[in-house]
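This report concerns only the one structure given below.
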Amino acid sequence: MIEVGDLSKSFGDKDVLKGISVTFNAGQTNLVIGASGSGKSTLARCLIGLVEPDSGSILYDGRDFMKMKDKERKELRKEVGFLFQGSALFDFMNVQQNVQFPLDMLTTLSSKEKKARVAEVLERVELSGADKLMPSELSGGMKKRVGIARAIAPRPKYLFCDEPNSGLDPITAIVIDKLIYEITKEYNITTLGITHDMNSVLEIGDQIIFIHQGYKAWEGNRDEILVTDSKEVLDFVYASEFMKKAKP
Amino acid sequence: MGNFVFHLGKYIMLIWRVFSKPEKFSIYRRRLFDEMITLGLDSLGIIMVISVFMGAVITIQTAANIDSAFIPTYTIGFTTRQSTILEFSPTIMALILAGKVGSNIASEIGTMRITEQIDALEIMGVNSSAFLILPKIIAAVLINPFLTIISMFVSIGGGYAIAMFTDIVTVSDYVYGIQLDFKPFHVAYALIKTAVFAFLLTSIPAYQGYYASGSALEVGSASTRGVVYSSIVILVANYVITQLILI
Ligand SMILES: Nc1ncnc2c1ncn2[C@@H]1O[C@H](COP(=O)(O)OP(=O)(O)OP(=O)(O)O)[C@@H](O)[C@H]1O
Ligand SMILES: [Mg+2]
């Protein structure tokens, strides 16, 4: 469980997050939605300390992240898997090495166990056989999937996925959504997903928060989002012609 | 001036973190090996080509400037050796490498910064500055003295080729000159310089890349700054070391 209290962040005179309070529960896929530039990535980066928030509190199962020293934060981060929006694969390592790297750094698994774990997660993201390729030889969607494999390989307690299925074809996108949903339940992970994909929202959104102009403008689950009376949310959800047609 | 002090402080703090305790040594060993190949072996070709022409030109120019009959022609060999060992092989090679290796390091690390690879390392509990920069510094400090020695031989060989193929100086005079009054200490001095330059030409571009932000454009200018600043600092360091050691 991650409890966020009154979190604010501005860059220069630009207020990006204005007092966000939200609780992300374990074993639940928590999704953050909102327009491009609304501060979703910034929220995720604040939670893990890649960006230092201006004020607010962040509790990881009661542990106060804001009060932690660098060393303690480093320890906590070992429990975190993070998929970056741009995948952030290491250029100088192949797929196998990329996925194995956090295992080398964070776990005490034997090299045989590591190999097995890498093979297992690569299979889950449907990339068995791509293990010897370099990041430059992968398509955008493949990079994303390797990024997910790398994030989940050490079996994190907290999983952050910044746009896990953007750039994927609809079928693979569903596969990835399902994967995230399943491992969240299977290992009781506190998952925070950032997405633009309405399909994901409706498929796997156990809890959804909508960020609008720096505020948390709405919060609810996948059933509630379809029948909300919040205008901003409705504008967002039914932006596409397809969704308008599908409107209940 | 304030800006200079700010960057100097930030640079020193980065270097401090680079040399703090590494987390898993085995990971570094592999990186160090890779870096020795990229920084060392891959620079060998350019070092040899430049050195052979450098030695040839020093020989010709020295000959052209000696027009007094009282100065013996073996002075040409002597001067070629001295300039090569004291200045050209350590300093010019460092400047060439600052251009080649420096821009490479700054853009590699800068790209990793803007594509969030450095953030990814930090999240995995890795000291990203040490992981990325330390192997480069150590590899260069270990490998560059060998490059300098190779450059010395090749440069003096370039002069030898001039002696052999032209009638500016006879081979026997040249060979006599390059052996005359040889002080091994001069080689030590050159190698100390090389090691210091190696540290500068890796760490300064690394600093520029590490703190790059924004777009690919910014990585380009970080790379330019890395080359320019490391070249200037190398020349200043050259002066300081020479003053300290040689005088
Ligand atoms: N390091 C930074 N320095 C200055 N401004 C920043 C920085 N990071 C983000 N911003 C600004 O904060 C705002 C929110 O950015 P953020 O990346 O969080 O948006 P986002 O909701 O993730 O958008 P997208 O859906 O396009 O990924 C943007 O206006 C951006 O310009
Ligand atoms: Mg984003």
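The values are calculated or read from the model by the stated rules, or taken from the named source; none is laboratory data. Predicted, not measured: the structure shown is a model, and the values here were computed from it. Note: ideal-geometry Cβ built from the backbone for every residue, glycine included; neighbour counts use all protein chains shown. Side chains are part of the model used for accessible areas, which takes the heavy atoms of the whole protein and leaves out ligands, DNA and RNA. Shrake-Rupley method; radii C 1.70, N 1.55, O 1.52, S 1.80 Å.
Averaged over A:92-104, how many beta carbons belonging to a partner chain fall within 10 Å of each residue's beta carbon?
2
Take the Cα of A:Asp169, step 7 Å along the line toward its Cβ, and report every residue of region A:111-132 whose backbone nitrogen sits under 15 Å from that point.
Backbone N within reach: A:126-127.
How large is the accessible surface of A:Glu186 in square angstrom, using a 1.4 angstrom probe and rounding to the nearest 10?
Accessible area of A:Glu186: about 100 Å².
Sort B:Tyr207, A:Tyr181, B:Tyr176 by heavy-atom solvent-accessible area, probe 1.4 angstrom, most to least.
So the residues, ranked largest to smallest area, are B:Tyr176, A:Tyr181, B:Tyr207.
Sequence gap of 8 or more, or different chains, plus Cα separation below 29 Å: how many lysine pairs satisfy both in region B:2-245?
Count of close lysine pairs: 12.
Given N residues in region B:2-245, what is its alpha carbon radius of gyration divided by 2.2 N^0.38 Å?
Normalised Rg, Cα atoms only: 1.17.
Would you mind computing, in nm to one decimal, how far apart the modelled labels at A:Glu186 and B:Ala64 are, each placed 7 Å from Cα along Cα→Cβ?
7.4 nm
Using alpha carbons only, how many angstrom separate the centre of region A:41-81 from the centre of region A:183-248?
25 Å
Kindly write out, for region A:177-190 in residue order, the coupling ³J(HN,Hα) from the Karplus curve 6.51 cos²θ - 1.76 cosθ + 1.60 (θ = phi - 60°), rounded to whole Hz, with x marking Gly and Pro.
Taking θ as phi minus 60°, the curve returns 4, 4, 4, 4, 4, 5, 5, 4, 6, 4, 10, 6, 7, 8 Hz for region A:177-190.
Could you please report the charge total around B:Leu39, scoring K, R as +1 and D, E as -1 over all other residues with beta-carbon less than 10 angstrom from its beta-carbon?
-1
Choose one answer from B:Gly110, B:Gly125, B:Gly157: the residue with the largest mean-square fluctuation in a GNM of chain B with alpha-carbon springs under 10 Å.
B:Gly125
Kindly sort A:Ile33, B:Ile178, B:Ile232 by accessible area of their heavy atoms, largest first, with the probe set to 1.4 Å.
Greatest to least solvent exposure: B:Ile232, B:Ile178, A:Ile33.
Mind checking which aspartates and glutamates have their C-alpha under 16 Å from A:Lys78, skipping anything on the same chain fewer than 8 residues away?
A:Asp61, A:Asp64, A:Asp70, A:Asp104, B:Glu23, B:Asp119, B:Glu122
Once you place label points 7 Å from the Cα toward the Cβ at A:Ser8 and B:Lys24, how far apart are they in nm?
It works out to 4.1 nm between the two label points.
What is the packing order of peptides A:81-89, B:239-247, B:113-121, A:196-204, taking the mean over residues of other C-beta atoms within 10 Å and listing the highest first?
A:81-89, B:113-121, A:196-204, B:239-247
Please report how far the C-alpha centroid of region B:211-246 lies from that of region B:1-80, rounded to the nearest whole angstrom.
Their Cα centres are 13 Å away from one another.
Translational D (Stokes-Einstein, µm²/s) of the protein assembly as shown at 20 °C and 1.002 mPa s when Rh comes from the Kirkwood sum over C-alpha pairs?
83 µm²/s
Simple spin-label model, 7 Å along Cα-to-Cβ: B:Ile12 to B:Thr75 in nm?
Inter-label distance under the simple model: 4.7 nm.
Check A:Ile211: other-chain or 5+ apart residues with amide H under 5 Å from its amide H, H built from backbone geometry?
The answer is A:Ile33, A:Gly34, A:Ala217.
What share of the DSSP beta bridges in the protein assembly as shown is antiparallel, in percent to the nearest 5?
Counting DSSP beta bridges with both partners in the protein assembly as shown, the antiparallel share is about 50 percent.
So which residue, out of A:Ser55, A:Ser230, A:Ser41, gets the largest mean-square fluctuation from a GNM of chain A using Cα contacts under 10 Å as springs?
Maximum among the listed residues: A:Ser230.
Ignoring everything but the protein chains, give the 1.4 Å probe accessible area of B:Ser151 in square angstrom, nearest 10.
Around 0 Å² of this residue is reachable by solvent.
Could you order A:Tyr60, B:Tyr74 by accessible surface area, starting with the largest, using a probe radius of 1.4 Å?
Listed by decreasing accessible area, they come as B:Tyr74, A:Tyr60.
Take the Cβ-Cβ distance between A:Leu109 and A:Ser136 as r, set R0 to 41 Å, and report the resulting FRET efficiency rounded to the nearest 0.05.
After rounding, the FRET efficiency stands at 0.90.
Inside 10 Å of the C-beta atoms of B:122-134, what's the mean count of C-beta atoms belonging to other chains?
Neighbouring Cβ atoms belonging to other protein chains average 4 per residue here.
Whole angstrom only: what separates the Cα centroid of region A:10-40 from the Cα centroid of region B:132-146?
Comparing the Cα centres of region A:10-40 and region B:132-146, I get a distance of 43 Å.
Using Cα pairs closer than 8 Å and at least 6 residues apart in sequence, work out the relative contact order for chain A, in percent.
Relative contact order here is 27 percent.
Amide H to amide H, which residues 5 or more places from A:Val16 or on other chains are under 5 Å from it, using H placed in the peptide plane?
A:Lys9, A:Ser10, A:Phe11
In region B:84-127, which residues have a backbone nitrogen under 19 Å from the label point lying 7 Å from A:Asp61's Cα in the Cα-to-Cβ direction?
The answer is B:124-125, whose backbone nitrogens lie closer than 19 Å to the label point.
Among the lysines, which have Cα under 19 Å from the Cα of A:Lys247 when same-chain residues fewer than 8 positions away are ignored?
A:Lys247 reaches A:Lys231.
May I ask you to compute the full-extension gain from A:Met1 to A:Met93, defined as 0.36 nm times their residue separation minus their alpha-carbon distance, rounded to one decimal in nm?
29.8 nm
What lysines could a cross-link reach from A:Lys144, if we take a straight Cα to Cα line under 17 Å and drop same-chain neighbours fewer than 8 places away?
Partners found: A:Lys132, A:Lys178.
Please average, across the residues of B:86-98, the number of beta carbons from any other chain that are within 10 Å of each residue's own beta carbon, and give a whole number.
Rounded to a whole number, the mean comes out at 0.
So what are the ³J(HN,Hα) numbers for region B:175-186, from phi and the Karplus equation (6.51, -1.76, 1.60; θ = phi - 60°), rounded to whole Hz, Gly and Pro as x?
5, 4, x, 6, 9, 5, 6, 6, 10, x, 4, 4
What size of dipole, in debye to the nearest 20, comes out for region B:2-245 about its Cα centre when the only charges are +1 on Lys and Arg C-beta atoms and -1 on Asp and Glu C-beta atoms?
For region B:2-245, the charge dipole is close to 640 debye.
For A:Lys18 and A:Glu241, FRET efficiency with R0 = 41 Å and r from the beta-carbon atoms, rounded to 0.05?
Calculated value: 0.80.
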